[in-house]
Amino acid sequence: MSRIVERGVEDFLPLAEASEKHLVTSIDEGAVVKGDEASLTRLVSVLLDNAIKYSDEHGDVEVTLSVTRGSVQLVVSNPASSLTAGETSQLFERFYRPDAARERSAGGYGIGLSIARSIVERHGGEIRARKLGDILEISASLPGV
């Protein structure tokens, strides 16, 4: 999983730079998840794409991968001041878009996070969203090997 996240960050650096966002990473080496590499790569891509596209202007997108008590934690956070804490429970619903006007300008169809949830659940994990002040944190917990 470490390698997948590292590659994902490298792949999304140009989008982050073009959007005047900064990617900040903390990746534990040797984090391993048993599963489909293509699906796990898609999970990382969906989370990074979502965080970069919908982050507040000039925001830092933080990506953390860690191993804790036999599970691998992938956390992607970004400033999202316009999102309310009450909206976080709906983010994984298919076609949900918290701010329709802003979402249309950034593209997308409102299915990315529902795809992420499906991938995590197929791998026996859990995913959740929470608001910490102005920061949106998406956290995926996957069984480690």
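Remarks
- (i) 15.7; (ii) 15.2; (iii) 17.6, with the label sought being that of the calculated Kirkwood radius over Cα pairs in Å: (ii)
- Considering only region 1-88, percent of DSSP beta bridges that pair antiparallel, nearest 5: 55 percent
- The HN-Hα couplings worked out from phi for region 37-42 by the Karplus form 6.51 cos²θ - 1.76 cosθ + 1.60 (θ = phi - 60°) are 4, 4, 5, 5, 5, 4 Hz, whole numbers, x standing for Gly and Pro.
- Taking amide H positions as modeled 1.01 Å from N, with prolines and chain starts lacking one, the residues under 5 Å from Ser71 and 5 or more places away or on another chain are Gly144.
- Thr41 accessible area, assembled protein chains, probe 1.4 Å, Å²: 50 Å²
- Angle of helix 2-18 to the longest C-alpha principal axis of the chain, folded into 0 to 90 degrees and rounded to 10: 20°.
- Along each principal axis, Cα extent of region 22-76, largest first, Å: 36, 21, 14
- Carbon and sulfur %, accessible surface of the chain computed with the full protein complex present, 1.4 Å: 48 percent
- Under 5 Å between amide hydrogens, built in the peptide plane, is the criterion, and for Asp56 it picks out Ala80, Ser81 among residues at least 5 positions away or on other chains.
- Per residue accessible area in Å² of the chain, where ligands, DNA and RNA are left out and the probe is 1.4 Å: 52 Å²
- Against the criterion of solvent-accessible heavy-atom surface with a 1.4 angstrom probe, Lys131, Lys53 sort, most first, into Lys53, Lys131.
- Charge sum, other residues only, whose C-beta stays under 10 Å from Leu23's C-beta, Lys/Arg counted +1 and Asp/Glu -1: -3
- Here the simple spin-label model places points 7 Å from the Cα toward Cβ, and for Ser82 and Glu57 these points are separated by 1.2 nm.
The values are calculated or read from the model by the stated rules, or taken from the named source; none is laboratory data. Everything numeric in this text was worked out from a predicted model, so none of it was measured. Cβ sites come from the backbone with ideal geometry, for glycine too, and all protein chains shown count toward neighbours. When the accessible area is computed, the model is the full protein with side chains, heavy atoms only, and any ligands, DNA or RNA have been set aside. Shrake-Rupley method; radii C 1.70, N 1.55, O 1.52, S 1.80 Å.
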